[in-house]
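I'd like to ask you about the structure that follows.
The values are calculated or read from the model by the stated rules, or taken from the named source; none is laboratory data. Just so we're clear, the structure is a prediction, and the values are computed from it rather than from any experiment. Glycine gets a Cβ as well: all are built from the backbone with ideal geometry, and neighbour counts include every protein chain shown.
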Amino acid sequence: MSSLNDTLHKVTQRVIANSRSSRAAYLDLIAREGDNMGDRSAVSCSNLAHAYAGMEEDKPAMVAARGPNIGVVTAYNDMLSAHAPYYRYPERLKIFAREIGATVQVAGGTPAMCDGVTQGEVGMELSLFSRDVIALSTAVALSHAMFDGALMLGICDKIVPGLLMGSLRFGHLPTIFVPGGPMPTGIPNKEKQRVRQLYAEGKADRAELLASEMASYHSPGTCTFFGTANSNQMMMEMMGLHIPGSAFIQPGTKLRQALDREAVHRVAAIGRKGNEYRPLGHCVDEKAIVNAAVGLLATGGSTNHAIHLPAMARAAGVIFDWDDLSELSGAVPLIAQIYPNGSGDVNQFHAAGGMGYVIGELLEAGLAHRDILTVGRGDLSDYAREPGLDDDTLVWRDVGAAGDDTMLRPVSDPFRADGGMRLLTGNIGRACFKTSAVDPERWTVEAPARVFEDQPSVAAAFKAGELDRDVVVVVRFQGPRANGMPELHKLTPVLGVLQDRGHRVALVTDGRMSGASGKVPAAIHCTPEAFASAGGDGGPLARLRDGDVVKVCAVTGTLSTTADLAARDAAPNPHEQLGTGRELFGMFRQFADGAEAGATAMLATGGM
């Protein structure tokens, strides 16, 4: 067994030290909650009658308290392809529970936005804060003091972080996350990217673009590129919150059903009344958070988790920031390349060895904490194997060597020596740069800025030929307090075209990009954001002007300008936009903290 990597040990110890008081307070909280909500026999008979009334077949078992009652929180909807398979899950999970004398109740539902549907639309301004709404919805679902354990049905971008943040408030309950799996592979990713750029240049029409997109996103299941949704699944494996190896098993298969069955049986087995109590709040500790960060870096996962990971950590009383992430990135090699960083998608990644291979390599190299408390039968070693069926019996097998060295490599021969997530700092602020998706020759861009305040203005300037040069495109007033910090992927084809024309191009923004951000160098999530809160000043981005020379450098970790920003007045906040429900989210925008702290209103106001 390899000794722990020195940097991993150092960062973990720092996280533990920084979290000492907040973690102790959190553990005290869930201990009290376990005492207050730990046994439904203490609930009044009238309350129990309300809870049992709709259960019909399971009512006698519940009245007799024959076994644990498992609460299900579901993010099902069939507008979101990844969540469409959850339609039949409640009835199936109830059947699996009856096999072991347990019961299942759907405790509640949460919203589930699809960023792919809202991309470039005003609805995207609700996206990030939907995570907080999901956390609140999860808390409402689990507040009924009826449950001995919980199953979380969710996959995509804000949904898994929101489910985890909410369920950690009930950290005395054993909780397992149940993925639905990716859709089968569609057209090659390079072909999809090619048609998008042709459309951006006016060389393909809307019908051609729609046909290409529908050949890529074509059936129930998670989108197959390695964006935030699939990065979520990777992180749940690294934290030991899945049944081992279940992240990327496709919907509708016998193996998927066997893993779902195991999740029900397992959550019943790790309850408080058994001999293997594994409450969520003890599973998600400092080491588990560091493991999630390591997995993110080793696989080139979504930059959205530079925001989500600190928020999820704080929900468990753990303090984790971009300094921790950047220092880990210097020690963790990139051992997986999945589209958009590579050519193959998550189905091909799984077939080549997938998470079992990645976790095995990281453990062998001392780059992950083996001794975390998982929902499995042991520690993280269980997750270094892959699931399969042997005469319809669920088994786990050794992964062996990687099946495709264009997608997976050993730690001894990585794609890159570091994890591809750099912290940039300077007189413009602090930002993230995902190097794993960008050619090293483009890690440094120094050019005059062109400053915008929304995506459509960038597209208009591109069509007018105003950006056909070396340029740093600055898109500001896109932070959490300005407009909810939307993703800005409508920029990617435009900037990609400029780069392909031979120009030195970079993006600087206080908005978001995800794991699908692609090949253009980008300093994203810039904090402090440009928007000025009541009685305060906006960040340095609000003082940039067209023509200011801006340097974006992932080699030196620099985000700076030669302009004297302190001598200037800040650009005024844009007028608040109404419509599409955005006015209902004013409280979230007003109280949101910065991107590095998780961009959440709940934590900023002391709610977690």
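Among the residues of the stretch 160-214, count how many are under 18 Å from Gly108 (Cβ atoms) and either outside the structural domain of Ala112 (by TED's automatic domain parsing) or aromatic (Phe, Trp, Tyr) (or both).
2
Identify all residues within the stretch 536-548 that are farther than 16 Å from Leu507 by Cβ and surrounded by fewer than 20 Cβ atoms within 10 Å (Cβ to Cβ); write none if there are none.
Listed by number, the residues that qualify are Gly536, Asp537, Arg545, Gly547.
Residues checked against (1) within 29 Å of Phe585 (Cβ to Cβ); (2) not hydrophobic (A, V, I, L, M, F, W, C):
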| site | (1), (2) |
| --- | --- |
| Cys432 | yes, no |
| Leu495 | yes, no |
| Gly502 | no, yes |
| Met513 | yes, no |
| His525 | yes, yes |
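Name the single residue that is modelled with the lowest pLDDT among those in the stretch 443-488 being within 23 Å of Glu201 (Cβ to Cβ) and of a type in the set (D, E, K, R).
Glu487
From Val411, Val395, grab the single residue that is more than 30 Å from Pro528 (Cβ to Cβ) and free of Cβ contacts under 8 Å to residues at least 40 places away in the same chain.
Val395
Please go through the stretch 127-137 and give me each residue that is buried (at least 18 other Cβ atoms within 10 Å of the Cβ) and over 17 Å from the mean Cα position of the chain (by Cα), ordered by number.
Answer for the stretch 127-137, where residues must be buried (at least 18 other Cβ atoms within 10 Å of the Cβ) and over 17 Å from the mean Cα position of the chain (by Cα): just Ser137.
Scan Pro414, Pro387, Pro410 and give me the residue that is in a loop (DSSP other than H, G, I, E, B), touching a Leu at 6+ places or on another chain (Cβ under 7 Å) and at pLDDT 95 or above.
Working: Pro387 fails: in a loop (DSSP other than H, G, I, E, B); Pro410 fails: touching a Leu at 6+ places or on another chain (Cβ under 7 Å).
One residue alone meets the criteria, Pro414.
Another one. Just to be sure before I move on: is Pro179 farther than 25 Å from Arg40 by Cα and modelled with pLDDT of 95 or more in the structure I sent?
yes
Answer yes or no: is there a residue in the stretch 519-532 that is of a type in the set (Val, Ile, Thr) and within 18 Å of Arg442 (Cβ to Cβ).
Yes, some residue in the stretch 519-532 is of a type in the set (Val, Ile, Thr) and within 18 Å of Arg442 (Cβ to Cβ).
While we're on this one: Looking at (1) touching a helix residue (DSSP H, G or I) at 6+ places or on another chain (Cβ under 7 Å); (2) under 30 Å from Gln250 (Cα atoms); (3) not in a loop (DSSP other than H, G, I, E, B), which is the one condition that is false for Glu125?
(2)
Just one of Leu8, Leu4, Leu93, Leu29 is assigned by TED's automatic domain parsing to the domain that holds Arg256, under 30 Å from Pro310 (Cβ atoms), surrounded by 15 or more Cβ atoms within 10 Å (Cβ to Cβ) and modelled with pLDDT of 95 or more; which is it?
Result: Leu29 is the single residue among Leu8, Leu4, Leu93, Leu29 that is assigned by TED's automatic domain parsing to the domain that holds Arg256, under 30 Å from Pro310 (Cβ atoms), surrounded by 15 or more Cβ atoms within 10 Å (Cβ to Cβ) and modelled with pLDDT of 95 or more.
Something else: Being touching a Pro at 6+ places or on another chain (Cβ under 6 Å) and either outside any strand (DSSP E or B) or more than 20 Å from Val411 (Cβ to Cβ) (or both): is that true of His308 here?
Yes.
What's the number of the only condition in (1) outside any helix (DSSP H, G or I); (2) touching a Ser or Thr at 6+ places or on another chain (Cβ under 9 Å) that Phe588 fails to meet?
Only one criterion in (1) outside any helix (DSSP H, G or I); (2) touching a Ser or Thr at 6+ places or on another chain (Cβ under 9 Å) is unmet by Phe588, namely (1).
Moving on. Determine whether Gly180 is part of a loop (DSSP other than H, G, I, E, B) and in contact with a Leu (Cβ under 9 Å, 6 or more places away or on another chain).
Criteria met by Gly180.
Tell me yes or no: at least one residue of the stretch 280-301 is of a type outside the set (A, V, I, L, M), in contact with a strand residue (DSSP E or B) (Cβ under 6 Å, 6 or more places away or on another chain) and crowded, with 24+ Cβ neighbours inside 10 Å.
Yes: one or more hits.
Hey, could you check the stretch 96-126 for residues that are modelled with pLDDT under 95 and in contact with a Pro (Cβ under 6 Å, 6 or more places away or on another chain) and say which is surrounded by the most Cβ atoms within 10 Å (Cβ to Cβ)?
By that ranking, first place goes to Met124.
Follow-up question, since we're still on this one. How many residues are surrounded by fewer than 19 Cβ atoms within 10 Å (Cβ to Cβ), farther than 13 Å from Glu364 by Cβ and touching an Asp or Glu at 6+ places or on another chain (Cβ under 9 Å) if we restrict to the stretch 395-413?
The number of residues fulfilling the criteria is 4.
Which condition does Pro310 not pass, out of (1) in contact with an Asp or Glu (Cβ under 7 Å, 6 or more places away or on another chain); (2) closer than 30 Å to Lys94 by Cβ, if it passes all the others?
Only one criterion is unmet by Pro310, namely (2).
State yes or no: is Asp564 acidic (Asp, Glu) and surrounded by fewer than 20 Cβ atoms within 10 Å (Cβ to Cβ)? Reasoning before the result, please.
On the way: acidic (Asp, Glu): yes; surrounded by fewer than 20 Cβ atoms within 10 Å (Cβ to Cβ): yes.
Taking the combined requirement at face value, the residue satisfies it.
Considering (1) part of a helix (DSSP H, G or I); (2) at positive phi, say which one Leu209 fails and leave the rest.
Looking at each condition in turn, Leu209 falls short on (2).
Please list, ordered by residue number, the helices (runs of 4 or more DSSP H) wholly in the stretch 450-507 having 3 or more residues that are within 16 Å of Val552 (Cβ to Cβ).
491-500
What do you reckon, is Gly366 under 16 Å from Asn291 (Cα atoms), surrounded by fewer than 21 Cβ atoms within 10 Å (Cβ to Cβ), touching a residue at least 24 places away in the same chain (Cβ under 8 Å) and among the small types (Gly, Ala, Ser)?
Against the criterion (under 16 Å from Asn291 (Cα atoms), surrounded by fewer than 21 Cβ atoms within 10 Å (Cβ to Cβ), touching a residue at least 24 places away in the same chain (Cβ under 8 Å) and among the small types (Gly, Ala, Ser)), Gly366 qualifies.
Quick one: in the stretch 247-279, which of the residues that are closer than 19 Å to Thr185 by Cα and either among the aliphatic types (A, V, I, L, M) or touching a Lys or Arg at 6+ places or on another chain (Cβ under 8 Å) (or both) is surrounded by the fewest Cβ atoms within 10 Å (Cβ to Cβ)?
Per the stated criteria, the residue is Leu255.
Please indicate, with yes or no, whether at least one residue in the stretch 345-363 is within 30 Å of Gly496 (Cα to Cα) and of a type in the set (A, V, I, L, M).
Yes: one or more hits.
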